[in-house]
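Read through the structure below, which is laid out as structure tokens, and then see the notes.
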Amino acid sequence: MGRVQDKIALVTGGASDPGLGYTTALTLGAEGATVVVTDIDEPGAERCAAAIRDAGGEALALHQDVTSEAQWQAVIARTLDEFGRLDILVNNAGIAVLMPIAEMTLADWNRQIDVNLTSVFLGSKYGMAAMRESGGGSIVNLSSVAGLVGLATCSAYGAAKGGVRIMSKTLAVEGAPDNIRCNSVHPGFIWTNMQAQAGAATGPGELPREQVPLGRMGEPRDIANCILYLASDESNYVTGAEFTVDAGMTAI
């Protein structure tokens, strides 16, 4: 308990349960952070914030379209008005629309780039400005194994997540003089609502060991625990790194 005690955290895409943002928000709240939970689904974000409060934590839910610059400015301003600073930013919100490139429209491509990559640019830009005023902080950007290796049907998704990976390294260099750290997390197969909608699996359970050496699908808490480490002072010397949490999938 208390690994991020008294820190102010902002987690995007926190409405979906089971989901990485939802579980990350609850994990940070359980470890002492005050959590601002945002999502385009405001009732879902409020359910997440209520779960944090019910467990004894402090949380605020806000509506946010992460592709909107104006809404990013408003969310950061509200966070600072309510809590006075920003210590942790988790750029989690994302979508997966998987299809062969021959079937993909320009609108499909642009939507994935906007939600999965441009949103991280906007969040980092305004989040870093707030962190400079707070004396530093930690940004954790959700990428994917699709940002590391080529996966069929992931051309737009992989391009966006690969962009998140390299942008995170650049932000680490730019943020270092202000004590702002930035790292990326690359999940493999994790059972979430987005995973179910992508159609890559029919439910949690075993996976072929020739594809995933540990032979099983992960749970959202596997990613949340990695994010907790990166958000905490335990990782104070860690920046510009990529953390692959994929049961050995990219080791093959």
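The values are calculated or read from the model by the stated rules, or taken from the named source; none is laboratory data. It should be emphasised that the depicted structure is a prediction, and the values quoted were computed from it without experimental measurement. As a convention, Cβ positions derive from the backbone with ideal geometry for all residues, glycine included, and neighbour counts pool all protein chains shown. Side chains included, ligands, DNA and RNA excluded: accessible areas come from the protein's heavy atoms. Shrake-Rupley method; radii C 1.70, N 1.55, O 1.52, S 1.80 Å.
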For the chain, percent of DSSP beta bridges that are antiparallel (nearest 5) comes out at 5
What part of the accessible area of the stretch 101-252, given as a whole %, is carbon or sulfur when the probe is 1.4 angstrom? 54
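Please list Tyr22, Tyr229 from largest to smallest accessible area, probe radius 1.4 Å, with all protein chains kept in place.
Tyr229, Tyr22
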Sorting Lys161, Lys169 on solvent-accessible surface, 1.4 Å probe, most exposed first, gives Lys169, Lys161
Given charges at beta-carbon only (K, R positive; D, E negative), |dipole| of the stretch 44-203 in Debye: 360
Relative to the first principal axis of the alpha-carbon coordinates of the chain, what is the inclination of helix 119-134, with its axis defined by its Cα atoms, in degrees from 0 to 90 and to the nearest 10? 30
What is the spin-label model distance, in nm, from Asn110 to Ala77 if the labels are put 7 Å beyond Cα along the C-beta direction? 2.7
Rg and Dmax of the stretch 121-252, Cα atoms only, in Å: 15.7, 48
Furthest towards positive pole of dipole, Ala172, Asn225, Trp191, structure part the stretch 158-237, Cβ charges: Trp191
With all protein chains present, calculate the accessible area of Val149 using a 1.4 Å probe and round the result to the nearest 10 Å². 60
Sequence neighbours fewer than 8 away in the same chain don't count; with that in mind, list the lysines whose C-alpha is under 21 Å from Lys7. Lys125
With viscosity set to 1.306 mPa s and temperature to 10 °C, compute the Stokes-Einstein D of the stretch 1-129, Rh being the Kirkwood radius across alpha carbon pairs; µm²/s, no decimals. 107
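Counting only other residues whose beta carbon sits under 15 Å from that of Arg111, what net charge do I get with K and R as +1, D and E as -1?
-3
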Under 10 Å, Cα contacts only: if you run a Gaussian network model on the chain, which one of Met167, Met131, Met99 comes out with the highest mean-square fluctuation? Met99
Whole-Hz Karplus ³J(HN,Hα) for the stretch 35-43, in order, using 6.51 cos²θ - 1.76 cosθ + 1.60 and θ = phi - 60°, x for Gly and Pro? 10, 9, 9, 10, 5, 5, 8, 5, x
So what's the back-of-envelope 222 nm ellipticity for the chain, counting only DSSP H runs of four-plus at -39500 (n - 2.57) apiece and dividing by all residues, rounded to 500? -13000 deg cm²/dmol
